[in-house]
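Here the structure is laid out as structure tokens; the discussion comes afterwards.
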Amino acid sequence: MNNKKIQSVYEDQDVIEAILHSNSLDPIVRHLYRTNFDSVASYIRSNSGNDEDAEDFFQEAIVVFINIVRKGNFRGDSSIKTFLYSIARNLWRNELKRQNRALMRETNYYEQSEKEERGIQDSISENEVKNQLLDLLEKLGDNCKKILLMFYYENLPMKEIFQHMGYETEQVARNMKYRCMNKLKELLNEHPEMKQNFRSLLANG
Amino acid sequence: MDNINNTNRADWIDRYVQGNLNTEELQKFQTTMQQDATLQQEVEDTQIAQALLQHQGLRNEIQAIRASMKAEESITETLTEIPSAPIALEEPVEATEEKGTETVPMYQWGGRIAAGLAIFLIGFLTVQYATLSPERLYEEKVAADPPYLGLSNRSMEDRQDTIADQVRVEYQFGNFEEVIRLYGELEKPTFAETFRVGYAHLQQERTDEAINAFQQVLQDQNAFMISDKAEYYLALAYLQDGQIETAVDMLENIHTDSDHDYEDSLSSLYLWRLRLLKMKY
């Protein structure tokens, strides 16, 4: 089997299934890059962006897309290619608006329903609210960030975390995680408005 | 699981927000939450923090996958750029052949591949040699190693009432400037605090101070439990300081000592590059 064949085995439904149920995002994210990055990058470059913008905004588009799928909001009315392109295009339009710059050439290669467009804009707004709070994690320090990500993102058991982090006992790691979580909550409480926005997002599903 | 109390409260909340409670536990937890507004608030705060961490985790994961794709692409490009044979040499050979006879390529495929690999190997060695520096090897090692965060007195680990406790807590949070500042306030630091300040100096690239601290730990007879760690970090401090011969000799000894805690932490490639570094300087 050649590489080309290996690289093109994912149908849209496989991608959705893998995002929802697979433990590893690696093959799916690679597939999304291989099949969609060039068209998105070309759109961004022809609208005042550079290569770095293309990398940043395509990455952001994948984050938004995965979150939409995980929330069960991708209905498959259009293909993943169309959908991802739309997310990236909306993200880049918002960025240009923020910089008070206009689109140089708006070519919409892919048709998108109005309803889908609205859904995408909502998800992008949600992503922005989350991004605004990410700076708080930087204030935690590297060790705290690591331990909390291992526990709350990677879902690793404390037994593995304490070995990986080099703590003396599992209890030390447990206490450390507890302190770090409290520190993060304190930081969130220092930004009541942003926290409230985040709370509303969670409440709205 | 036990009833919810102050000791296991955080574990209950984590298991609830992660969806790890069974039906009976879930019912018990939800009933308690309805009667306890503080618990309700704690759950909500944990859910917000968890959602934020999951967002950051997803971004990190995608970024890491993309970085790995780019690294792979760059290796593939390097390999395809290696010339299979010098084209200029092929043409004259064909030109001297008699008309009507079959063209014989100067290099057969086996030869071309061997030549390509040789060029690649020479290129690889040249790049390794040219880019090798003590700073680079130090950075690679420190980036690959998890920070050593042990050394806690278990009965004291939640206390923050003495300066020594504060040193430990700040060290565990990775606030190394604060560790160094507080260490200066200690009247009689123990080997544990000295180790921590050594590690903090190393992280802040204050190499002389780091070397001095690790040497002190190694001279302390009570510090036998962490002497391997102190020795390993002392070697890295020498590497950071550019004392290459001392650093390489110490790391080689650590690698050959089967009883040493850090025996396995040095790969063959890393040791080979250390030896190359020693030759270079």
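The values are calculated or read from the model by the stated rules, or taken from the named source; none is laboratory data. Bear in mind that the values here come from a model prediction, so they are computed numbers and not experimental data. Ideal geometry is used to build each Cβ from the backbone, glycine not excepted, and the neighbour counts take in all protein chains shown. All accessible areas refer to the heavy atoms of the entire protein, side chains included, with ligands and DNA or RNA removed. Shrake-Rupley method; radii C 1.70, N 1.55, O 1.52, S 1.80 Å.
Restricting attention to helices (runs of 4 or more DSSP H) lying wholly within segment B:176-261, give those where 3 or more residues are among the charged types (D, E, K, R). Talk me through it step by step, then tell me what you get.
Values: elements: B:176-183, B:191-203, B:207-219, B:227-241, B:244-256.
Fully inside segment B:176-261 and qualifying: B:176-183, B:227-241, B:244-256.
Across segment A:131-173, which residue is farthest from the other protein chains (Cβ to nearest Cβ) among those that are touching a residue at least 12 places away in the same chain (Cβ under 8 Å) and part of a loop (DSSP other than H, G, I, E, B)?
For segment A:131-173, the residue satisfying everything is A:Lys139.
Report, by residue number, each residue of segment B:1-41 that is polar (S, T, N, Q), more than 14 Å from chain A (Cβ to nearest Cβ) and either open to solvent by less than 40 Å² (accessible area, probe 1.4 Å) or assigned to a helix (DSSP H, G or I) (or both).
Quick first cut of segment B:1-41, residues polar (S, T, N, Q) only: B:3, B:5-8, B:18, B:20, B:22-23, B:27, B:30-32, B:34-35, B:38, B:40-41.
Next, only the ones that are more than 14 Å from chain A (Cβ to nearest Cβ) stay: B:3, B:5, B:22-23, B:27, B:30-32, B:34-35.
Answer for segment B:1-41, where residues must be polar (S, T, N, Q), more than 14 Å from chain A (Cβ to nearest Cβ) and either open to solvent by less than 40 Å² (accessible area, probe 1.4 Å) or assigned to a helix (DSSP H, G or I) (or both): B:Thr23, B:Gln27, B:Gln30, B:Thr31, B:Thr32, B:Gln34, B:Gln35.
For the condition open to solvent by less than 90 Å² (accessible area, probe 1.4 Å), within 14 Å of chain A (Cβ to nearest Cβ) and either within 30 Å of A:Glu154 (Cα to Cα) or modelled with pLDDT under 75 (or both), what is the one hit in B:Thr126, B:Thr101, B:Thr76? I'd like the intermediate steps shown before the answer.
Working: B:Thr126 fails: within 14 Å of chain A (Cβ to nearest Cβ); B:Thr101 fails: within 14 Å of chain A (Cβ to nearest Cβ).
Going through B:Thr126, B:Thr101, B:Thr76 in turn, just one is open to solvent by less than 90 Å² (accessible area, probe 1.4 Å), within 14 Å of chain A (Cβ to nearest Cβ) and either within 30 Å of A:Glu154 (Cα to Cα) or modelled with pLDDT under 75 (or both): B:Thr76.
Select from segment A:180-196 the residues that are without any contact (Cβ under 8 Å) to a residue 24 or more places away in the chain and under 13 Å from B:Ala10 (Cβ atoms) and write down the one among them that is farthest from the other protein chains (Cβ to nearest Cβ).
A:Asn182
Can you pull out every residue in segment B:29-79 that is acidic (Asp, Glu), closer than 28 Å to A:Asp56 by Cβ and over 23 Å from the mean Cα position of the chain (by Cα)? First the steps, then the outcome.
First, the residues of segment B:29-79 that are acidic (Asp, Glu): B:36, B:42, B:44-45, B:61, B:72-73, B:77.
Those still in the list that are closer than 28 Å to A:Asp56 by Cβ too: B:61, B:72-73, B:77.
Passing the criteria: B:Glu73, B:Glu77.
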